[in-house]
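The values are calculated or read from the model by the stated rules, or taken from the named source; none is laboratory data. These figures come from a predicted structure and were not determined experimentally. Positions of Cβ are generated from backbone atoms using ideal geometry, with glycine treated the same way; all protein chains shown enter the neighbour counts.
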Amino acid sequence: MNLLPLTESERSHARQKATAARAVRAEVKVGLKNGSITVGEVIHTRASEDAVGRLRVVDLLRALPGIGEVRAQAIMDEVGIALTRRVRGLGIHQKNALVAHLSGQARDPR
């Protein structure tokens, strides 16, 4: 598939849009890390935002305190979510299962 060449102004606009999307995703990750927002809030209310919807679920989980790459993959396996899935692509049952799993995880003192 050949893409049309972009003009300099179109390229600049695309760069600015990508930078803004990265900033929104970073803001969400920081909010998750410091506890000001929950995974449920991100999945149920902010998933319709374009930048947040494009966030990979595994990256969302890794932003939580105490969850690294291995644990995030294990959670996704337990819930039944593919590692390549993005927040926007989650079904209602996957969303509910993930939130339920994480809320149960928070009460588990491991």
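The number of residues in the stretch 76-94 that are within 14 Å of the chain's Cα centre (by Cα) and buried (at least 19 other Cβ atoms within 10 Å of the Cβ) comes to 4.
For ARG62, the criteria (1) surrounded by fewer than 15 Cβ atoms within 10 Å (Cβ to Cβ); (2) in contact with an Asp or Glu (Cβ under 7 Å, 6 or more places away or on another chain) hold in every case but one, which is (1). Entry remark, the stretch 62-88: residues being touching a residue at least 24 places away in the same chain (Cβ under 8 Å), in a helix (DSSP H, G or I) and within 23 Å of ALA23 (Cα to Cα) number 2 in total.
Checked against the criteria, GLY66 counts as under 17 Å from SER103 (Cβ atoms), small (Gly, Ala, Ser), at pLDDT below 95 and over 15 Å from the mean Cα position of the chain (by Cα).
Is the stretch 33-53 home to any residue that is charged (D, E, K, R), surrounded by 18 or more Cβ atoms within 10 Å (Cβ to Cβ) and assigned to a helix (DSSP H, G or I)? No, every residue in the stretch 33-53 fails to be charged (D, E, K, R), surrounded by 18 or more Cβ atoms within 10 Å (Cβ to Cβ) and assigned to a helix (DSSP H, G or I).
In summary, LEU102 fulfils each of the numbered conditions (1) in a loop (DSSP other than H, G, I, E, B); (2) in contact (Cβ under 8 Å) with a residue 24 or more places away in the chain with the single exception of condition (1).
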